[in-house]
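The values are calculated or read from the model by the stated rules, or taken from the named source; none is laboratory data. Keep in mind it's a predicted model, so treat the numbers as computed, not measured. Positions of Cβ are generated from backbone atoms using ideal geometry, with glycine treated the same way; all protein chains shown enter the neighbour counts.
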Amino acid sequence: MADIAKLQIGEDTFEFPFVKGTENEVAIDIKTLRGATKGVITIDPGYKNTGSCKSDITFLDGEKGILRYRGYAIEDLAEKADFLEVAYSLIFGDLPSTEQLDKFYADIKAQSVVDDDIKKIIDAFPKTAHPMGVLSSLTSALTAFNPSSVNVDSEEDMYNSIVKILGKFPVLVAWTLRKKQGLPLNYGSTSLGYVENVMKMMFEKPNEEYVVNPIIKDALDKLLILHADHEQNCSTSTVRIVGSSHAGLFASLSAGISALWGPLHGGANQAVLEMLEAIKEDGGDTKKYMAKAKDKNDPFRLMGFGHRVYKNFDPRAKIIKVAADEVLKDLGIQDPILDIARGLEQEALNDPYFVDRKLYPNVDFYSGIIYRAMGIPVEMFTVMFALGRLPGWIAQWKEMRSNKEPIGRPRQIYTGENLRDFVEIEKR
Ligand code: CMC
């Protein structure tokens, strides 16, 4: 490939260098485009062809179905690592030694108490509030209780903010669930591992000792790892762009949670389960819903299918599908929803509409089935996604701040009215 990309506009030729990644991905560096061409910009709605940054964190190849965090294959991480090790490697670049991991977890535990006044904020929400809205608000509110976390002028400041949020976020996650279920807000125990502690905080009844079920713990660990990062997706780009204005980490994360909430992004896991339930209630006729998904006059989409980047298969979906089978079998649960999901998948994989558009099951297609088997209410599914994505958001924010990236500020092509005369209100 040539070293230089050439752009011809009329008689003029402009040259731009290529940028190459370590996996040979190629981009044209157009930093000088507007200045050199005296005003020409690029336009790319949805950023389908636009790289927003260089990043060392996550590599994915959508055509080959490859996903790696810091160079480690997702299949290996899901099988051999635990969530906290993965979080450490995403944030700091390498898998930790035992000493590094122990120190990291001790620092997180030291920050795992949430100001009791946060409970007053939770109490002000109606029980019907969607947990993602509550979580986003509480995460933003943490800034008020931890103002020193906003200015991160040194690596030490950054580290302190990171362990603070890793300590407090699971408490907020658990409290959004407990509020919904009318259970007293509690704390876990620092004697437990990170994931076990989240489970205890979420599920412990006030009148029963909580015993961690190892099947559920392993499945949750795996799900959190699979969700931990996914390079420049909608919520991560949100975190980076909000953080680029030097708003604090917690405010940036709160914005990321809101972005994740939408059904085209993380909210798909809730939407998938609601769709499967609706199909079941409607007599289980998957063909009817396949037809609706293909009908361009029908807004219905097959939730949990398709991905902006994966055009072959989503490697996370492969792992989750196997995990869903195992968890349901190990817990002795027969869920008719699983049969409907399998049926839809088979039909879609053999249907030219889905095959031609390269639409395959994504990470969210089977995750809800596992969450349901764990006893997690449907409205909490996207909150679980947020818990998993937290280390990825943090890693991406840290990278953006450490690289001193400029404030994110896209341009536009204005298509509105030209200058016109102001008309007094009585004459309009
Ligand atoms: N059901 C039916 N048709 C679909 C679907 C679907 N789930 N997804 C895409 N299409 C069609 C779409 O109508 C379009 O058809 P045509 O070319 O005839 O106009 C074509 O496939 C391309 O779709 P697109 O919307 O241009 O693709 P995109 O890259 O902008 O969107 C997506 C990707 C994930 C938003 C989309 O596939 C979708 O809405 N899927 C359902 C929601 C979902 O499961 N989201 C979770 C994504 S994975 C978790 C995460 O990382 O957030």
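A quick yes/no check of all residues on (1) surrounded by fewer than 11 Cβ atoms within 10 Å (Cβ to Cβ); (2) within 16 Å of the ligand (Cβ to nearest atom); (3) in contact (Cβ under 8 Å) with a residue 12 or more places away in the chain:
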| residue | (1), (2), (3) |
| --- | --- |
| ASP3 | yes, no, yes |
| GLU15 | no, no, no |
| GLU23 | no, no, yes |
| PRO45 | yes, yes, no |
| GLY62 | no, yes, yes |
Go through (1) modelled with pLDDT under 95; (2) of a type outside the set (Lys, Arg); (3) in a helix (DSSP H, G or I) for VAL152 and report which single condition fails. (3)
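Regarding LYS205, is this residue more than 20 Å from GLY368 (Cα to Cα) and within 16 Å of the ligand (Cβ to nearest atom)? First the steps, then the outcome.
On the way: more than 20 Å from GLY368 (Cα to Cα): yes; within 16 Å of the ligand (Cβ to nearest atom): no.
So LYS205 fails the test.
Determine whether LYS164 is surrounded by 12 or more Cβ atoms within 10 Å (Cβ to Cβ), under 25 Å from the mean Cα position of the chain (by Cα), basic (Lys, Arg) and on the phi < 0 side of the Ramachandran plot.
So LYS164 passes the test.
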Where GLN334 falls short, out of the listed (1) touching a Leu at 6+ places or on another chain (Cβ under 9 Å); (2) more than 12 Å from the ligand (Cβ to nearest atom); (3) assigned to a helix (DSSP H, G or I): (3)
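When residues of region 276-321 are filtered for being assigned to a helix (DSSP H, G or I), closer than 22 Å to LEU223 by Cα and more than 10 Å from the ligand (Cβ to nearest atom), how many remain? Give the steps one after another, and end with the answer.
First, pick out the residues of region 276-321 that are assigned to a helix (DSSP H, G or I): 276-281, 286-294, 315-321.
Right, trim to closer than 22 Å to LEU223 by Cα and you get 276-277, 315-321.
Next, from what is left, pick out any that are more than 10 Å from the ligand (Cβ to nearest atom): 276-277, 315, 318-321.
Total meeting the criteria: 7.
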When ALA228 is run through (1) of a type in the set (Gly, Ala, Ser); (2) surrounded by 17 or more Cβ atoms within 10 Å (Cβ to Cβ); (3) in a helix (DSSP H, G or I), the failure sits at (3)
From SER235, SER244, which residue is more than 16 Å from TYR366 (Cα to Cα), more than 12 Å from the ligand (Cβ to nearest atom) and under 20 Å from the mean Cα position of the chain (by Cα)? SER244
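Looking for something in a helix (DSSP H, G or I), away from the ligand (no atom under 15 Å from the Cβ) and of a type in the set (Asp, Glu) - is there at least one such residue anywhere in region 260-274?
Pass one, region 260-274, residues in a helix (DSSP H, G or I): 260-261, 268-274.
Cutting the leftovers down to away from the ligand (no atom under 15 Å from the Cβ) gives us none.
No: zero hits.
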Please state which one of ALA278, ALA324, ALA259 is farther than 30 Å from ASP153 by Cβ, surrounded by 14 or more Cβ atoms within 10 Å (Cβ to Cβ), of a type in the set (A, V, I, L, M) and without any contact (Cβ under 8 Å) to a residue 60 or more places away in the chain. ALA324
